[in-house]
Amino acid sequence: MRVFEPGGVGGSGRRAPAWHALEGLLSHPGGVALVGAILLLPLALNPGWFSHDELQWAAFARPLDGVPAAAGWLEIGRFQYRPLTFELWLALASWLAESPRLHHAVHAALGLAVALALRGTLVAWRVPSATAGLAALLFLAHPYAVFVHAWVATLADLIWVGAGIAIARVMAPSRSGAAPGVLRVLAVAPLVALALLAKEAAVVLPALLVVLAMLTRERAHLVAAFVAALPVAAYLALRLPVILSAPADPIYGWSLAAVPGRALGYVAFPYALALPEIVLLARLPTIAWLALGAIAALHLALVARVSRRAAFGWLAGGLVAVAPVLILSSASNQYGYGFAAIAAAATAVAITGARGRIRGALLALAAAVALHGALVGWHVVDAGVRASRFVPALAEALRDWPGPDPLRLSIDGAGRAWLWTRLTHEVPHVGGVPVGDRVVIVGPGDAADLRVRRDGRLEPFGVAAPR
């Protein structure tokens, strides 16, 4: 039983020696793991944080009153009910709050594990090992996946997508080619429940199994979708009113009218090479949106020339994977993590099944997406380098700040104002030094106590900014 059956189209069937050598590397799990580790190394060596989430959870794990925050296993009324994620995050923050590089390394290792699980799952589905290895590396290079692997606040996405890949592995045919038996079908339910305890996005797992059943036409996969729907139905019965309530944070506001634009955005963003975060798509003119949509359509059409099933799986499965966030008032890179895994698998199938000009075009598109992934990684790491100077300098400045007025910070240049704003947003304390409302960022031209330089260092406000 194969989900994808590439036909080998687009030119001569001859393969270059270099391609044979590449296939040898991609066929070996050790080779894929080595290349993947190299791709993740810059992210693992990031010396600082990207946002307030990391600082907040470090404070929750090591509070000033000595009583760590609870994961909230029984608090189903929470807007973000993610007790499994919160439990693990509290543990990691408690151990690694003062070691950003080690925390990033652990997170990147988890990302590599997800990529290798994707490879193993594709092999279990009778996808050639070289194709599966290429899929794993394309996944690691995808902008959505790079963002998740670079930012340690995305642990929930690692868990729920990892659980989804595990479900796909369980649903793979046996060595004899038989469909999964009753025990494997029943095993889907606890995996879905595990994913739901990590993130709300896991409600899409039954629908993804329906897409799988449409590809395989196997009754067992349709039954598995029904089994997966049972924990999701119970979850929604308890949580849907809370999820659809109006949260305090405006980024979680929602509207059905947002769906078409959001769907186009998640499909088109991987080709927007100059943008590090998907939220910036809103600044583009209509002509840019049309161009990005056309590139995405071309990519999908080329995949369809090689394997219609791969193209259908990418389009249907990818949109299902991001379906819960299409109604939100704001988009975020990490929401596309599952989309990235599906897109990488479909593209790898097409590349290895194509020949000639079609393969060349697919490789060019994959390279463009990977280049975008590198830019996203640089964006997060660059922020971490600056934060590694800013956060300890801020803690030192606040340590002896008398108050009661807050410490006023002036931003040296507007380009990184978002970073300093996020790193000072509702952070209880940093390394035992209270922050909270003791610091405020002032506008251009306003009086200040300290200036934040572009590299993250602090200096007295009266010192002239370097040209």
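The values are calculated or read from the model by the stated rules, or taken from the named source; none is laboratory data. Keep in mind the model is a prediction, meaning the values are calculated, not measured. Positions of Cβ are generated from backbone atoms using ideal geometry, with glycine treated the same way; all protein chains shown enter the neighbour counts. When the accessible area is computed, the model is the full protein with side chains, heavy atoms only, and any ligands, DNA or RNA have been set aside. Shrake-Rupley method; radii C 1.70, N 1.55, O 1.52, S 1.80 Å.
What does the net charge come to around TRP73 if you take all other residues with beta carbon closer than 12 Å to its beta carbon, with K and R at +1 and D and E at -1?
Result for the local shell: 0.
Helix 129-141 versus the longest principal axis of the chain: what is the Cα-based angle in degrees, 0 to 90, to the nearest 10?
It is inclined by approximately 20 degrees.
Per-residue HN-Hα couplings for the range 177-182, Karplus 6.51 cos²θ - 1.76 cosθ + 1.60 at θ = phi - 60°, whole Hz, x for Gly and Pro?
Once rounded to whole Hz, the list reads x, 6, 5, x, x, 4.
Quick one: which residues, 5 or more positions from ARG451 or on another chain, have an amide H under 5 Å from its amide H? H modelled 1.01 Å from N in the peptide plane, none for Pro or chain starts.
SER410, GLU459, PHE461
Each residue of the range 422-435 in order: what ³J(HN,Hα) in whole Hz does its phi give by Karplus 6.51 cos²θ - 1.76 cosθ + 1.60, θ = phi - 60°, with x for Gly and Pro?
5, 6, 10, 8, 6, 9, x, 7, 10, x, x, 9, x, 10
Arrange the peptides 440-449, 56-65 so that the one whose residues have, on average, the most other Cβ atoms within 10 Å appears first.
Packing order, densest peptide first, comes out as 56-65, 440-449.
Okay, helix-only estimate at 222 nm for the chain: each DSSP H run of n ≥ 4 adds -39500 (n - 2.57), divide by all residues, round to 500 deg cm²/dmol; what do you get?
Taken over the chain, the calculation gives -19000 deg cm²/dmol.
Compactness ratio of the range 375-467: Cα Rg over 2.2 N^0.38 Å, N = residue count?
1.04
Using the Karplus equation 6.51 cos²θ - 1.76 cosθ + 1.60 (θ = phi - 60°), what ³J(HN,Hα) coupling, rounded to whole Hz, does each residue of the range 234-242 give in order, writing x for Gly and Pro?
With coefficients 6.51, -1.76 and 1.60, one gets 4, 4, 5, 4, 8, 10, 4, x, 5 Hz.
Counting other Cβ atoms within 10 Å of each Cβ, which chymotrypsin sites (Phe, Trp or Tyr not before Pro) in the range 71-170 have at most 12 and sit in a DSSP loop?
Hits after loop and neighbour filter: TRP73.
What are the residues whose amide H is under 5 Å from the amide H of VAL439, where those residues sit 5 or more places off or on another chain and H is modelled from the backbone?
LEU407
If you count only protein heavy atoms with a 1.4 Å probe, what accessible area per residue comes out for the chain, rounded to a whole Å²?
In whole numbers, the chain has 44 Å² accessible per residue.
Simple spin-label model, 7 Å along Cα-to-Cβ: LEU280 to ALA364 in nm?
Here the answer is 2.4 nm between the modelled labels.
With all protein chains present, how much of the accessible area of the chain (probe radius 1.4 Å) comes from carbon and sulfur, to the nearest whole percent?
Values: 13640 of 20330 Å².
Whole-percent figure for carbon plus sulfur exposure: 67.
How many Å³ per residue does the convex hull of the Cα positions in the range 65-218 occupy? Working shown, then result.
On the way: hull volume 20.9 nm³, N = 154.
For the range 65-218, the hull spanned by Cα atoms encloses 136 Å³ per residue.
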